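Novice: I'd like to ask you about the structure that follows.
Taken together, the values in this text are just the output of simple stated rules run on the coordinates, not laboratory data. What you are looking at is a predicted structure, and each value in this text was computed from that prediction instead of being measured. So basically every Cβ, Gly included, is an ideal-geometry build from the backbone, and we count neighbours across all protein chains shown.
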Ligand SMILES: Cc1ncc(C[n+]2csc(CCOP(=O)(O)OP(=O)(O)O)c2C)c(N)n1
Ligand code: SF4
Ligand SMILES: [Mg+2]
């Protein structure tokens, strides 16, 4: 549990608040993510989920501070390692709803291998990417989702690299639920976060979370975003076409909504068949130790 967190203030208009002082910049897109998430968690609690069965996991970055602002259990992981930690938490206690908050830097650069393998395994966790296309906390360096031409502390003459499409990458890796939201649209974020959390298997919501201080995309996104209509997320060809429509840097329409839902075996579901719960741990350990001598 985060030390900065005080006693939950209880149910208010936004619910599940804490006494921690919020240090995000005024206007930051993280506020929309926070409000949507708290509303969804409150709904889940009202529908019967135990508050103590919800775990938020994050690591380092402006997005990671979200853990201090929600009155549920939280785990602060090493930088880039939050998806690996979440995988362990879920496997140790499958009853938990495990939600991971990553930045485009922490999740798609420092921790890329972890997110790819969690998708490949279809671990039953939800990853919310706070995708602002920049390293916010360390004051505006270019990251994996930064488009060419971006001028920041590490690229004063403009970034030369093209971003990759995280949804395409995670689709190929095996994620069984993929969606994109935008921090200027809390109702859609709520729908996507709830769908993702309830989806059995690896779910990801790439959230276009505007960093007003280092990469203010509100005007550009407002002109280009649209919500998917008549799209069948279970049709793989349609899903891939829509996922590939926007390459995260070129102009053109930016689709929001649920791109893909697939039924895949969920990692860990078969563990119970191993009979781990019934095993005599002491006898097994003695046997293993004896085999080493
Ligand atoms: C291994 C490691 N590399 C680099 C850093 C420095 N660092 C801290 S936060 C951060 C950027 C985080 O960017 P992002 O994940 O996009 O989060 P944001 O602040 O934009 O929400 C970096 C590079 C670190 N703490 N540890
Ligand atoms: S630096 Fe950017 S991402 Fe970080 S709190 Fe400020 S506006 Fe938000
Ligand atoms: Mg970022």
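Novice: What number, in nm² with one decimal, is the all-direction average of the projected area of the convex hull of the alpha-carbon atoms of the range 12-291?
Specialist: Details: hull surface 68.7 nm².
Averaged projected area of the range 12-291's Cα convex hull equals 17.2 nm².
Novice: For a footprinting-style exposure proxy, rank 115, 197, 139, 45 by other Cβ within 10 Å, fewest first. The partial results should precede the final answer.
Specialist: Numbers: 115 27, 197 23, 139 12, 45 17.
Starting with the residue having the fewest Cβ neighbours, the order is 139, 45, 197, 115.
Novice: Pairs of Cα atoms under 8 Å, at least six residues apart: use those to get the relative contact order of the chain, whole percent. Please report the intermediate quantities before stating the final value.
Specialist: Working: 588 pairs, mean separation 48.2, N = 293.
Relative contact order comes out at 16 percent.
Novice: When the chain is modelled as a GNM with alpha-carbon springs shorter than 10 Å, which of 233, 148, 26 fluctuates the most?
Specialist: Ranking 233, 148, 26 by mean-square fluctuation puts 26 first.
Novice: Quick one: helix 186-198 against the long Cα principal axis of the chain, what's the angle to the nearest 10°, folded into 0 to 90?
Specialist: Approximately 20 degrees, to the nearest 10.
Novice: While we're on this one: Rounded to the nearest 0.05, what FRET efficiency is calculated for residue 162 and residue 226 with R0 set to 22 Å and r the Cβ-Cβ distance?
Specialist: Details: r = 23 Å, r/R0 = 1.05.
E(calc), rounded to 0.05, equals 0.45.
Novice: How much length is gained on full extension from residue 235 to residue 151, taking 0.36 nm per residue of separation minus their Cα-Cα distance? Display every interim value, and only then the final one.
Specialist: Values: separation 84, 0.36 × 84 = 30.24 nm, distance 3.91 nm.
Roughly 26.3 nm would be gained on extension.
Novice: I've got another one for you. For the chain, take the longest principal axis of its alpha carbons; what is the angle in degrees between that and the long axis of helix 82-92, to the nearest 10 within 0 to 90?
Specialist: Rounded to the nearest ten degrees, it is 30.
Novice: Related question: How big is the range 77-174 by Rg and Dmax over its Cα atoms, in Å?
Specialist: In order Rg, Dmax, the Cα atoms of the range 77-174 give 14.6, 50 Å.
Novice: Contour minus end-to-end for residue 271 and residue 81, with contour as 0.36 nm per residue of separation and end-to-end as the Cα-Cα distance? Working shown, then result.
Specialist: Values: separation 190, 0.36 × 190 = 68.40 nm, distance 2.34 nm.
Taking 0.36 nm per residue and subtracting the Cα distance, the gain is 66.1 nm.
Novice: Pairing the Cα long axis of helix 30-46 with the longest principal axis of the chain, what angle in degrees results, from 0 to 90 and rounded to the nearest 10?
Specialist: The angle comes out near 40 degrees.
Novice: Moving on. Looking at the range 131-243 from every direction and averaging, what is the projected area of its Cα convex hull in nm²? Walk me through the numbers on the way to the answer.
Specialist: Values: hull surface 31.7 nm².
So the Cα hull casts an average projection of 7.9 nm².
Novice: Gain in length, residue 49 to residue 138, computed as 0.36 nm per residue apart minus the alpha-carbon separation, to one decimal in nm? Write out the running numbers ahead of the final one.
Specialist: Working: separation 89, 0.36 × 89 = 32.04 nm, distance 3.62 nm.
Full extension from residue 49 to residue 138 adds 28.4 nm.
Novice: In what sequence do 282, 195, 168 fall when counting other Cβ within 10 Å, fewest first?
Specialist: Details: 282 8, 195 19, 168 16.
Fewest to most other Cβ atoms nearby, the residues stand as 282, 168, 195.
Novice: What FRET efficiency comes out for residue 251 versus residue 284 if R0 is 45 angstrom and r is the Cβ-Cβ distance? Round to the nearest 0.05. List each step's numbers first, then the result.
Specialist: Details: r = 60 Å, r/R0 = 1.33.
For residue 251 and residue 284, the calculated efficiency is 0.15.
Novice: What ranking, highest mean first, results for peptides 122-132, 242-252 when packing means the other Cβ atoms within 10 Å averaged over each residue?
Specialist: Working: 122-132: 26.9, 242-252: 14.9.
Going by the mean number of other Cβ atoms within 10 Å, highest first, we get 122-132, 242-252.
Novice: Another one. Quick one: 270, 199, 63, fewest Cβ neighbours within 10 Å first, how do they rank? Before the final figure, lay out each step's value.
Specialist: Numbers: 270 9, 199 20, 63 32.
Listed from fewest to most nearby Cβ atoms, that is 270, 199, 63.
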